[in-house]
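Asks: My structure is below; once you've seen it, I'll send some questions.
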Amino acid sequence: MKAYHQSHDGGGVMSLDFKIKIGGAAGQGMQSICHILSHVFARGGYHVFSVQDYQSRIRGGHNTSTVRIRDEYVTAMPQRADILIALNKETIDLHREEVGKGEAVIYDGEKIDLGDPSQKENPSLVSVPLERLAHEKGGNKVYVNSVAAGAALGLMRYDFQPMAGMLREIYGKKGTDADVDADINAARAGYDFVYENSARNFDWAFAPLDDKRRMLISGNEALALGALAAGCKFMSAYPMTPSTGVLTYLAGKAREWGIIVEQAEDEIAAINMAIGASYAGVRSMTATSGGGFCLMTEGLGLAGMTETPIVVIDAQRPGPSTGLPTRTEQGDLEFVLHAAHGEFPRAILAPGTAEEAFYVMGKAFNLAERYQTPVIIMSDQHLADSCWTIDNLDINRITIDRGEFLTEKDLANITDGYKRHAITDSGISPRVLPGTPGALVVTDSDEHDEEGHLTEDLDIRVRMVQKRMKKLEGIRGEIAPPELYGRKGAKMLLIGWGSTYGAMREAVDTINGGGGSAAMMHISELWPFPSLEVARAIEKAEKCFVVENNATGQLARIIRTETGETVTGNILKYDGLPFSPEQIVNS
């Protein structure tokens, strides 16, 4: 027996698709349960995708973590659930309708009063004494989350040993052998209780698919790993949800990989530190969210004027002001496009998956250094905190191109002295590392001449603006075309960017599987805008809808400005939650 659901490939093939949602208050361990189960099934050869929905509170409030398990690649989260693990009654009240007939709700019947005695006879409600078993087998109620994870695994009839191994691997470095044993004993108690008392009520029997080990990685971890692979040697940032994971991950690898990671006193200091490190010759970056990016805009302009390479990650969250600090949105696109006063070239990249986030970092650093300009990576809470299984990240796909650097030998052939901002056909002035014999590296935040000295000569001003903006055409030539997916010659086209990728892709599969005709265009390299490719795709479709996590249809407005094309309509969502495939299909 296995839990099978109709796949969305339109071919009538049945594929495994199972979802476990865990709900409770902050501090009850939802993330731990999700983390453990995700790793167990990833080690069993399954594809896994997990998401978090949490409030901006250390304790209390209603939070959920959800893991989806499939036998094929997955990067979106539908609304339904097969198992709901309710660590409090509020979770049952809020999410009971997401669990259909024949599916299960695991809860502590000794602690949660359902209010209706007849509900106790409902076979879909699986009462497990989570807290009592945690005390009896683990010695402390802190092990409730381990009991709950074991209960879910027992309900699915999955072998317990992989979970025992994962608990030992995950927590073995954090505690004593006795602590790990208590964790395993508590999980085993939940497993046995459910297996013996309730598993027979459900037609589920899972087993490992194969022994292929897949990487389970979050968007933030992928961005951090991509930065390491791209040769980043300096990061400065001020912690700001949801970008903080990039900072903490790189800080944990700093000694191992020879990277300096500085927690700055604020975002102004963070970007200026990164600019200083880049001026000195190392690949540098910073990361923040929308509120912090506001503070960084003056520094962004400094990088534009001094032609200093820098990579900035903007992990978006709902605004304005503090907004919803721990939720997701795509509200910063037009802001990032126009951030900082004046005009200077920039590139904007917006990965849609963790795998793409890894590779996009290599391109970001190369563009920044080749064109000596800021490159902005647009992420958001959904991308940053979600986890994917990935078969492989090929470091050989990331090449390091540091652009035009002059050596001491090159400088010996220059007769009129080194000019940091020399006017060239490409607009790119060859760089020299400060301190290199034979060159004085001068730049200025005011308008400057070719040597880098301040000037108010208006003719020089015009030539310098033209020189800087000329680089935009070079960047444009390196922007990859949008990804197209779905039925060739489809009547309906969905257009999106960033983290809407997975929900759009699954929505397209659903529409085509139901006899419709749909395709999607995902734009992950947003600026300079790929106008020609976007216009052609829109012209070929009968209807075009832009899918965005914002209230005003920012991408749709950019499309109209850059191509002259007007889309049929917008599918917008701005409640702080990401799209599900069903929401797109039903819009």
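The values are calculated or read from the model by the stated rules, or taken from the named source; none is laboratory data. Computed from a predicted structure; not experimentally measured. Reconstructed Cβ throughout: ideal geometry from the backbone, glycine too, with neighbour counts over all protein chains shown. Areas reflect the complete protein model, heavy atoms only, side chains present, ligands, DNA and RNA absent. Shrake-Rupley method; radii C 1.70, N 1.55, O 1.52, S 1.80 Å.
Asks: Just check segment 67-199 against the gyration tensor rule for me: Cα atoms, a ≥ b ≥ c as the square roots of the eigenvalues, rounded for a/c under 1.5, and otherwise prolate or oblate depending on whether a/b exceeds b/c.
Replies: In terms of gyration-tensor shape, oblate.
Asks: If packing is taken as the average number of other Cβ atoms within 10 Å across a peptide's residues, how do 405-417, 33-45, 255-267, 142-154 rank, most packed first?
Replies: Top to bottom by mean Cβ count within 10 Å: 142-154, 33-45, 255-267, 405-417.
Asks: Keeping all protein chains in place, calculate the accessible area per residue for the chain (probe 1.4 angstrom), answer in Å².
Replies: Result: 41 Å² per residue.
Asks: In degrees, nearest 10, range 0 to 90: what is the angle between the Cα axis of helix 267-280 and the longest Cα principal axis of the chain?
Replies: For helix 267-280, the angle is close to 50 degrees.
Asks: Order of 179-187, 100-108 by packing, highest average Cβ count within 10 Å first?
Replies: With the highest mean Cβ count within 10 Å placed first, the list reads 179-187, 100-108.
Asks: Under a Cβ-only charge scheme (Lys and Arg +1, Asp and Glu -1), can you give me the dipole magnitude of the chain about the Cα centre, in debye to the nearest 20?
Replies: Using Cβ point charges on Lys, Arg, Asp and Glu, the chain gives about 980 debye.
Asks: Right, another one. Go from 0 up to the bin containing the longest alpha carbon distance in the chain, width 10 Å each, and give me the % of pairs per bin.
Replies: 3, 16, 25, 23, 17, 9, 4, 2, 0, 0
Asks: With +1 on each Lys and Arg Cβ and -1 on each Asp and Glu Cβ, and nothing else charged, work out how big the dipole of segment 154-262 is about its Cα centre, in Debye to the nearest 20.
Replies: Here the size comes out at about 400 debye.
Asks: Moving on to the next point. Tally up the carbon and sulfur contribution to the accessible surface of the chain as a whole percent, 1.4 Å probe, everything protein left in place.
Replies: For the chain, the apolar C and S fraction of the accessible surface comes to 49 percent.
Asks: If you place +1 on the Cβ of every Lys and Arg, -1 on the Cβ of every Asp and Glu, and leave all else neutral, what size is the dipole of segment 520-582 about its Cα centre, to the nearest 20 Debye?
Replies: The calculated dipole for segment 520-582 is roughly 120 debye.
Asks: So what is the calculated 222 nm ellipticity per residue for the chain, using -39500 (n - 2.57) for each DSSP H run with n of 4 or more, over all residues, to the nearest 500 deg cm²/dmol?
Replies: The helix-only estimate for the chain comes to -11000 deg cm²/dmol at 222 nm.
Asks: Could you work out how far helix 554-563 tilts from the main Cα principal axis of the chain, as a 0 to 90 degree angle to the nearest 10?
Replies: 40 degrees
Asks: Roughly what angle does helix 144-155 make with the longest principal axis of the chain, taking Cα atoms, 0 to 90 degrees, to the nearest 10?
Replies: 70 degrees
Asks: Filter LYS212/LYS233; LYS540/LYS573; LYS363/LYS409; LYS111/LYS141; LYS233/LYS467 down to the pairs with a C-alpha to C-alpha distance above 24 Å, please.
Replies: LYS212/LYS233; LYS540/LYS573; LYS363/LYS409; LYS233/LYS467
Asks: Ranked highest first by average number of other Cβ atoms within 10 Å, how do 351-363, 327-339 line up?
Replies: For the peptides 351-363, 327-339, the packing ranking is 351-363, 327-339.
Asks: Work from the charge dipole of segment 41-85 (Cβ charges, +1 for Lys and Arg, -1 for Asp and Glu, about the Cα centre) and give the residue of ILE58, LEU84, VAL74 farthest towards its positive end.
Replies: ILE58
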